[in-house]
Amino acid sequence: MIDVVSVTSEVFPLIKTGGLADVTGALPSALAAHDVAVRTLVPGYPAVMGAMEGGTVVAEFPDFFGGTARLVAGRAGGLEIIAVDAPHLYDRPGNPYLGPDRLDWPDNWKRFAALSFAGYEVSRGVIDGYKPNIMHCHDWQSGLTPAYVAYNAPTGVKTIMTVHNIAFQGRYTWDIFNDLRLDFRAAQEGAIEYYGGIGYLKAGLYSADALTTVSPTYALEIKGPAYGMGLEGLLQARKDALVGILNGIDDRAWDPMVDPALPAHFGHNSTEQRAGNRRALAERFDLDDSPGPIFSVVSRLTWQKGLDLLVEVADQIVAAGGKLAILGAGDAEIENGLAGAAMRHPGKVGFVRAYDEGLSHLIQGGADVMLVPSRFEPCGLTQLYGLRYGCVPLVSRVGGLADTVIDANEAAVEAGVATGIVFAPVTAEALLDAVHRTIRLYEREKTWRKMQRRGMKSDVSWDLSAEKYAKLYGRLLGVRESDDDDH
Ligand code: ADP
């Protein structure tokens, strides 16, 4: 049995702002099948502390980044949780990163240094009777853990840094250094210096024993300047330590046969049942019942996601006979653009400006097309949910989108392998072309249904990827691969 601590700032179903939570929430049970026991170390936000079932205090720190803190271990949301209960840092309502003004909390540097430091404490055995083998750190919020491990007395633990999105890096100025409790050698050796300041993700990528990211294509992309966002040099230097392992989906939370958010359940042999969900969806988004596909979006509304391009072409999508059902929140300009399109096209464009987990399921189960026109996309989950739910993905050819959707060009349709529509480059023109192509395919009813079913049958589970993580853990711990393969 390999003992892993997953260090993360969000985990489904306790606290979620994006795909990171889905991944850290789903991996523990997928890894259990491979003799890996995962405990999740997460800040003790109100949503986490409130969900703990019979938590036990397993460590206490009287002076922890400006206040007192305790580690509380217990079960929550079906997971083994170690919560960093530090009210001065985490007992705040709402979003884990943003204050009520929608700006970053000014002490985020301290809040996530504290999470990372708690990771180090756990790695060195601060919890009685528990000594993990691997610290698996997710994104910049836990980026300092590998540095604390590397620049303190050896604990024997191995560290992994996983990049879920290299756009978020945790960059700060040097004046915080003394409060980080990090050995001066980390500064001297260049482990944390980042373009004249301090970089948390940089520290993790520099110090960890192994690096992963969430798709093979993104692993290639981030080694170059177009996608590396300043970290490409370091990733080039460490390329032998970096692998891309595709995300899967939690197929218990996302199962169209039993999903409680769907009025009508269906499988790949009963896609006609989707009609009931489509009607419910049209009602929620005030769409009329004219023919033509419903294109949908479930997303943060940001430049990364390319949704400014959707604002640009919304009128033309309607003119071509398409309808739009959009769920999301984010940049004010994109929100306003979408709200404007909805005003101009009653019955054709619906926009719900919200974060709504249940509605996101209804969209996947009822809409015809899942639009993901991202400028960069480390893996992307909504296209995977789309595949599983028969909501055919229309995606840009970047990162994990390129790795998970097979474009319906004529050759692929003929060969019976297409699962969606893929376009490049990421421009308004190319997006609109792809929309036109999609509408033509939708009109070929038989071809469409086949593509939909093929997507539903494709393997988007964690099975293969969990095995890859388990093998990586084994390799780091010196377990010979051939031993693995004997089982
Ligand atoms: P990212 O992590 O970059 O936001 P992903 O595609 O990896 O993108 O994951 C996004 C996750 O967040 C998915 O589970 C998606 O369904 C969910 N999501 C995004 N926006 C919303 C929303 N407005 N309401 C409900 N779920 C949302």
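The values are calculated or read from the model by the stated rules, or taken from the named source; none is laboratory data. Keep in mind it's a predicted model, so treat the numbers as computed, not measured. Please note: Cβ atoms are built from the backbone with ideal geometry, for glycine as well, and neighbour counts cover all protein chains shown. Just the protein is used for accessible areas: all its heavy atoms, side chains included, with ligands, DNA and RNA removed. Shrake-Rupley method; radii C 1.70, N 1.55, O 1.52, S 1.80 Å.
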Please enumerate the residues belonging to segment 116-145 that are of a type in the set (Ser, Thr, Tyr) and open to solvent by 10 Å² or more (accessible area, probe 1.4 Å). Tyr120, Tyr130
Have a look at Glu221, Glu189 and point out the one that is among the acidic types (Asp, Glu) and under 19 Å from the mean Cα position of the chain (by Cα). Glu221
Looking across segment 184-211 at residues that are among the charged types (D, E, K, R) and surrounded by fewer than 16 Cβ atoms within 10 Å (Cβ to Cβ), the single one that is nearest to His164 (Cα to Cα) is Glu189
Of the residues in segment 307-328, those that are more than 20 Å from Gly366 (Cβ to Cβ) and within 12 Å of the ligand (Cβ to nearest atom) come to Leu307
So, in segment 7-41, how many residues would count as being closer than 16 Å to Lys468 by Cβ, away from the ligand (no atom under 16 Å from the Cβ) and open to solvent by less than 10 Å² (accessible area, probe 1.4 Å)? 2
Out of all the residues in segment 288-321, which are open to solvent by less than 20 Å² (accessible area, probe 1.4 Å) and either under 20 Å from Leu387 (Cβ atoms) or assigned to a strand (DSSP E or B) (or both)? Pro293, Ile294, Phe295, Ser296, Val297, Leu301, Gly306
Just need a number here: residues in segment 76-115 that are closer than 25 Å to Leu27 by Cβ, of a type in the set (Gly, Ala, Ser) and either open to solvent by 60 Å² or more (accessible area, probe 1.4 Å) or modelled with pLDDT under 95 (or both). 0
Extreme residue, farthest from Lys323 (Cα to Cα), among residues of segment 377-391 that are open to solvent by less than 10 Å² (accessible area, probe 1.4 Å), within 12 Å of the ligand (Cβ to nearest atom) and hydrophobic (A, V, I, L, M, F, W, C): Cys379
Of residues in segment 42-51 being outside any strand (DSSP E or B) and either out of contact with any Asp or Glu (no Cβ under 8 Å at 6 or more places or on another chain) or within 16 Å of the ligand (Cβ to nearest atom) (or both), the one most open to solvent (accessible area, probe 1.4 Å): Gly50
Just one of (1) assigned to a strand (DSSP E or B); (2) open to solvent by 50 Å² or more (accessible area, probe 1.4 Å); (3) out of contact with any Lys or Arg (no Cβ under 8 Å at 6 or more places or on another chain) trips up Gly54, so point out which. (3)
Quick one: which residue in Ile160, Ile166 is part of a loop (DSSP other than H, G, I, E, B) and open to solvent by less than 10 Å² (accessible area, probe 1.4 Å)? Ile166
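Matching residues to (1) open to solvent by 10 Å² or more (accessible area, probe 1.4 Å); (2) part of a helix (DSSP H, G or I); (3) more than 22 Å from Ser270 (Cβ to Cβ):
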residue: Leu338; (1), (2), (3): no, yes, yes
residue: Gly350; (1), (2), (3): no, no, yes
residue: Tyr355; (1), (2), (3): yes, no, yes
residue: Ile363; (1), (2), (3): no, yes, no
residue: Met370; (1), (2), (3): no, no, no
residue: Arg375; (1), (2), (3): yes, no, yes
residue: Asp403; (1), (2), (3): yes, yes, yes
Mind telling me which of the residues Val369, Val413, Val352, Val395 ends up being without any contact (Cβ under 8 Å) to a residue 40 or more places away in the chain, in the same structural domain as Arg437 (by TED's automatic domain parsing) and within 16 Å of the ligand (Cβ to nearest atom)? Val395
